[in-house]
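Working notes, structure below.
The values are calculated or read from the model by the stated rules, or taken from the named source; none is laboratory data. The structure presented is a predicted model; accordingly, all values stated were derived computationally and were not measured. When we count neighbours, we look across all protein chains shown, and the Cβ atoms used for this are built from the backbone with ideal geometry, even at glycine.
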Amino acid sequence: MKLGKLICLLMILVTLGACTSQLGGEPRPDIVRNYALRGLTFSAVPDLVVSEEAALYPIADVVWRGDPPGPRIAQIEAMFETAVARNRTVLDGPQPIIIDIQLIRFHGVTERTRYSVGGIYNIIFSMTVRDAGSGAIIEPARVIAANLDAPGGSDAIRLERSGQTEKVRVTEFLSSVLQAELL
């Protein structure tokens, strides 16, 4: 009986999550942007709870299964670094910047969820934009919440077989989120 209620609750959460926009958080400041993205400093909120639990929805700040077991926050940092590198050719204006990213939450899906009902990758971080030369703050820290659908069951398997692994999808998503926030 408890498992049935848990699955029902999860389905409701997934349905509600699908009703939200992909990007959220604080609104972007209304300024003219013409940035050249040069780098990233990454940190995580102290004492984030990381889960390796095989539950449908672990109660934790960090749930990530797109890499082999290991230092999850460092693995997430690597995806942000790749996302920044991919945006260097797109964000190539006259104002060189670095961004400070502080991870607040990165809740993906467990194997159990991925191969059954699916879910949402819920990624929350703060971002500060700084002048790459002086370090002066151009845009103060703002919280960005981004949600990416995590297909489940046969859809997840199909994506995986076509090369769209969790890591590929989430890294591409982070690239698009950063681009949307900085253009």
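Could you give every pair whose Cβ atoms fall below 8 Å, whose first residue belongs to the range 39-63 and is in contact (Cβ under 8 Å) with a residue 60 or more places away in the chain and farther than 15 Å from Arg105 by Cα, and whose second residue is surrounded by fewer than 18 Cβ atoms within 10 Å (Cβ to Cβ) and hydroxyl-bearing (Ser, Thr, Tyr), counting only separations of at least 6 or pairs across chains?
Once the first residue is in contact (Cβ under 8 Å) with a residue 60 or more places away in the chain and farther than 15 Å from Arg105 by Cα and sits in the range 39-63, its partners that are surrounded by fewer than 18 Cβ atoms within 10 Å (Cβ to Cβ) and hydroxyl-bearing (Ser, Thr, Tyr) give Leu56/Ser116.
Pick from the range 151-175 the residues that are of a type in the set (S, T, N, Q) and touching a residue at least 12 places away in the same chain (Cβ under 8 Å): which of them is farthest from Ala85 (Cα to Cα)? Break it down stepwise before answering.
Taking the range 151-175 as the starting set, the residues that turn out to be of a type in the set (S, T, N, Q) are 154, 162, 164-165, 171, 175.
Checking which are touching a residue at least 12 places away in the same chain (Cβ under 8 Å) leaves us with 165, 171, 175.
On the way: Thr165: 19, Thr171: 11, Ser175: 9 Å.
So the residue we want is Thr165.
Of (1) more than 12 Å from the chain's Cα centre (by Cα); (2) surrounded by fewer than 20 Cβ atoms within 10 Å (Cβ to Cβ), Arg105 satisfies all except one. Which?
For Arg105, the failing item is (1).
Could you please let me know if Ser175 is small (Gly, Ala, Ser) and surrounded by 18 or more Cβ atoms within 10 Å (Cβ to Cβ)? It would help to see each step written out before you state the result.
Details: small (Gly, Ala, Ser): yes; surrounded by 18 or more Cβ atoms within 10 Å (Cβ to Cβ): yes.
Considered against the rule, which asks whether it is small (Gly, Ala, Ser) and surrounded by 18 or more Cβ atoms within 10 Å (Cβ to Cβ), Ser175 comes out as yes.
Quick grid of which residues meet (1) in contact (Cβ under 8 Å) with a residue 24 or more places away in the chain; (2) outside any strand (DSSP E or B); (3) closer than 27 Å to Asn34 by Cα; (4) small (Gly, Ala, Ser):
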{"residue": "Asn122", "(1), (2), (3), (4)": "yes, no, no, no"}
{"residue": "Phe125", "(1), (2), (3), (4)": "yes, no, yes, no"}
{"residue": "Val129", "(1), (2), (3), (4)": "yes, no, yes, no"}
{"residue": "Arg142", "(1), (2), (3), (4)": "yes, no, yes, no"}
{"residue": "Asp149", "(1), (2), (3), (4)": "yes, no, no, no"}
{"residue": "Val177", "(1), (2), (3), (4)": "yes, yes, yes, no"}
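Pairs under 6 Å by beta carbon, first residue under 14 Å from Val45 (Cα atoms) in the range 69-80, partner assigned to a loop (DSSP other than H, G, I, E, B), six or more apart or different chains?
What qualifies is Arg72/Trp64.
Could you list all residues from the range 155-172 that are among the aliphatic types (A, V, I, L, M), out of contact with any Lys or Arg (no Cβ under 8 Å at 6 or more places or on another chain) and surrounded by 14 or more Cβ atoms within 10 Å (Cβ to Cβ)? Walk me through how you get there before you give the answer.
Filtering the range 155-172 down to residues among the aliphatic types (A, V, I, L, M) leaves 156-157, 159, 168, 170.
Now drop any that are not out of contact with any Lys or Arg (no Cβ under 8 Å at 6 or more places or on another chain), which leaves 157, 168, 170.
Residues satisfying the conditions are Val168, Val170.
Considering only residues that are modelled with pLDDT of 95 or more and aromatic (Phe, Trp, Tyr), look in the range 16-63 and name the one that is farthest from Ala83 (Cα to Cα).
Once the filter is applied, the top-ranked residue is Tyr35.
If you go through the range 73-124 one residue at a time, how many are modelled with pLDDT of 95 or more, under 16 Å from Ile59 (Cα atoms) and basic (Lys, Arg)?
So the answer is 1.
Kindly indicate whether any position in the range 48-64 is crowded, with 18+ Cβ neighbours inside 10 Å and polar (S, T, N, Q).
Checking the range 48-64: not a single residue is crowded, with 18+ Cβ neighbours inside 10 Å and polar (S, T, N, Q).
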